[in-house]
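Beneath this line is the structure, given in structure tokens, with notes to follow.
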Amino acid sequence: MFSCVPRSLKCCTNIGPKRALPYVLTNSPVFLDPTIPQCRTYHEVTGNIICPNMVRGIDHLRDPRLNKGLAFTLEERQALGIHGLLAAKFKSQEEQLDICRISIDRYEDNLNKYLYLVELQDRNEKLFFRLLSENVEKYLPIVYTPTVGLACQRFGLIYRRPRGLFITINDKGHIFNILKNWPEPDVRAIVFTDGERILGLGDLGAYGMGIPVGKLSLYTALAGIKPHQCLPITLDVGTDNQDLLEDPLYIGLRQRRTRGKEYDEFIDEFMEACVQRYGQNTLLQFEDFALINAGRLLQKYRHKYCTFNDDIQGTASVAVAGLMAAVRVTKRKLSENIYLFLGAGSASNGIANLTVAAMMSEGLTERQARERVYMFDVDGLLSTRREGGVPEHAKAFGKDIEPEKDFEACVAKIKPSCLIGCSTVGGAFTPNVLQQMAKNIERPVIFALSNPTSKAECTAQAAYDYTEASTGSNSAYSSRSDPLTILHPFLIGKGWERKVDLTVEKTHRKAKYLIPERPLLHRLKGRCIFASGSPFPPVQYNGKEYHTGQGNNSYIFPGIALGVIATATHHIPETMFLTAARTLANYVSEADLSIGRIYPSLAEVKDVSLSIAIEVAKMAYDEGLASVYPEPKDISKHVENQMYNYNYESSMPVVWGWKPEEKFNVRPIQPVPKNI
């Protein structure tokens, strides 16, 4: 008779000798049966749909999806039974945002700011995402590069609350069972890593979970992808990082990395389990896999699943967008440049291949386009004549030329107009290299894309300082001055001292200042076009402030993900990233270019993401890749309708009235005959 008693009733009863009903209920078979859960230990909210009869009032305070803090109205507090559980003051979401900003600003250390934001997400999801989405420039470096790198390194120390799934190599054969443990059934996007190449920090094993978590936060904050549709996963196959294996705080498997056939079978099973659990159109994003696996796994799965590798394709798209925007400054078509890459890994190959595709769209053949791309790795210039030849993953960019192990000599010999760094070697673009780039061409393009900031090939300030102005003859000063001419004071410290023999001061007490001619003064504004992977402070150069561009993947992957999810695209072709690159490049304004920026402000990244999503959605239908039918009449509106609402919504139940019943002559109730 007690089988219909709610299981949560025991939690809400005060058991005592004078409490007859609670005593009866708690001694009923339902409550005595140890196999029946007595108290709900997790929330009942999944997806966008809340079943009102499954959610208690207290859940609105405990569940980050429902919690509004002090923004609950008096009516809501009373109806939900949470009146008195909150302080009497009512605070709007806007007031709460102001409090959050003040709280974060009180922290001086970025890691503490990161922890504050993580805890905010754990208690109030909408407040977290609105704060991040409305303050992208300020908080993106906290939840993403460069601070997320530090968070990964300290992950064992800052680990508080489980987020996402950890699937280990020991779970091989049971991955689908683990995916079933995730309580959310409506997952549309999975970002996963094996932690072997976290940013430029190397093998961080299970500590790499900070990257999928951070990426998916940007999915929501920058593109409005609903957070319940996102699942971060770490594939823990061990680590070869000896420091982590000996780290008492390490949270992953203490074993060397599994490789070879067992690793491949593990990845195969994972990919199959994901689509079995969530559907064939589930977006599967590879993140921070090492070179040995990144390229080959992408090639293996790209035509079988809805998948992409952000380190290869996302980086390529944002870099090519920067090159496209730079065309408006250099007045050189992409096909008129010579490209030299420092680093020949997955990122370099991704950028190079997409650049080749862009040059082909300008009329070059594939062979002609590839001839304009050179690469330099740890063993030197990629030459077919060098000992050991060209690595298999970079065969397409090997050249039949003399080997060269001196990078500076390569820059002088090849004379690239675009220098692109993906080496994770901090300071690799030395002053001599940058000065040589200035000699090669009037407006050199220099991309130092390695993350985090400490791994960047050069700083923005160095790029501007060492590619200083010159006359058309590459002379550093005017020849009209006599041999005693020395530098004017405003040029000291900008690399000009080396151009003048100052030993004459020993025999002459007076000397004339070097006064550059007018054409030279016109060019004293930093001739390079610079972009980096991590943010750099503004550059002070010749009395002007320049805001250099950050080639951040967050311009690209959230928008592509939104377009793919909104249309249920089943495969992601390379041309989709070229479309995203063009869309991003078109967003760069003349005002951006005038201050040295070849990417739009990060404050505009939400608009950029929406534009990319719309173009991706259109392309998906044009090429027959979409699975949402029929095709929406207004694709822009369709995409916007899929986006997350950052604002608080009413917690009150929806009520409605009925129209009056029709009038009928209802018969009186007749007694039931006894013989029936």
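Structural remarks
- The range 557-571, residues that are in a helix (DSSP H, G or I), under 18 Å from Ile312 (Cα atoms) and open to solvent by 10 Å² or more (accessible area, probe 1.4 Å): none
- Subset tally (residues that are among the hydrophobic types (A, V, I, L, M, F, W, C) and modelled with pLDDT of 80 or more) for the range 33-63: 5
- Of the residues Ile198, Ile169, the single one that is β-branched (Val, Ile, Thr) and under 19 Å from the mean Cα position of the chain (by Cα) is Ile198.
- Residue count for the range 378-404 under the criterion of being open to solvent by 20 Å² or more (accessible area, probe 1.4 Å) and either in contact with a Phe, Trp or Tyr (Cβ under 9 Å, 6 or more places away or on another chain) or among the hydrophobic types (A, V, I, L, M, F, W, C) (or both): the result is 5.
- Of the residues Glu604, Glu623, Glu590, the single one that is exposed (fewer than 10 other Cβ atoms within 10 Å of the Cβ) and acidic (Asp, Glu) is Glu590.
- Count of the range 73-112 residues which are of a type in the set (Val, Ile, Thr), more than 19 Å from Gly57 (Cα to Cα) and either at pLDDT below 95 or over 26 Å from the mean Cα position of the chain (by Cα) (or both): 1
- Of everything in the range 102-120 that is assigned to a helix (DSSP H, G or I) and not hydrophobic (A, V, I, L, M, F, W, C), the residue that is surrounded by the most Cβ atoms within 10 Å (Cβ to Cβ) is Tyr114.
- Residues in the range 229-252 that are surrounded by 24 or more Cβ atoms within 10 Å (Cβ to Cβ), polar (S, T, N, Q) and either on the phi > 0 side of the Ramachandran plot or part of a helix (DSSP H, G or I) (or both): Gln229 only.
- Some residue of the range 121-128 being aromatic (Phe, Trp, Tyr), buried (at least 22 other Cβ atoms within 10 Å of the Cβ) and closer than 21 Å to Glu95 by Cβ: yes
- Considering only residues in the range 630-676 that are among the aliphatic types (A, V, I, L, M), part of a loop (DSSP other than H, G, I, E, B) and surrounded by 10 or more Cβ atoms within 10 Å (Cβ to Cβ), the one that is nearest to the chain's Cα centre (by Cα) turns out to be Met643.
- If you go through the range 275-319 and keep only what is under 14 Å from the mean Cα position of the chain (by Cα), open to solvent by 10 Å² or more (accessible area, probe 1.4 Å) and among the charged types (D, E, K, R), you end up with just Asp311.
- Residues in the range 46-61 that are in contact with a His (Cβ under 6 Å, 6 or more places away or on another chain) and closer than 17 Å to Arg123 by Cα: 1 in all.
- Selection from the range 170-228 of residues that are part of a loop (DSSP other than H, G, I, E, B) and surrounded by fewer than 20 Cβ atoms within 10 Å (Cβ to Cβ): Lys172, Gly173, His174, Trp182, Pro183, Glu184, Pro185, Asp186, Val187, Gly202, Lys226
For every residue, the table says whether it meets (1) under 31 Å from the mean Cα position of the chain (by Cα); (2) within 26 Å of Tyr466 (Cβ to Cβ).
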{"residue": "Val378", "(1), (2)": "yes, yes"}
{"residue": "Thr384", "(1), (2)": "no, no"}
{"residue": "His393", "(1), (2)": "yes, no"}
{"residue": "Lys405", "(1), (2)": "no, yes"}
{"residue": "Gly426", "(1), (2)": "yes, yes"}
{"residue": "Phe429", "(1), (2)": "yes, yes"}
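- Considering the range 154-169, and only residues there that are touching a residue at least 60 places away in the same chain (Cβ under 8 Å) and assigned to a loop (DSSP other than H, G, I, E, B), the residue that is nearest to Met271 (Cα to Cα) turns out to be Gly164.
- Selection status of Ser133, open to solvent by less than 20 Å² (accessible area, probe 1.4 Å) and hydroxyl-bearing (Ser, Thr, Tyr): yes
The values are calculated or read from the model by the stated rules, or taken from the named source; none is laboratory data. In this text the structure is predicted, and so the values were computed from the model without any measurement. Heads up, the Cβs are rebuilt from the backbone with ideal geometry, glycines too, and the neighbour counts pull from every protein chain shown. Calculation scope for accessible area: heavy atoms of the full protein, side chains included, ligands and nucleic acids excluded. Shrake-Rupley method; radii C 1.70, N 1.55, O 1.52, S 1.80 Å.
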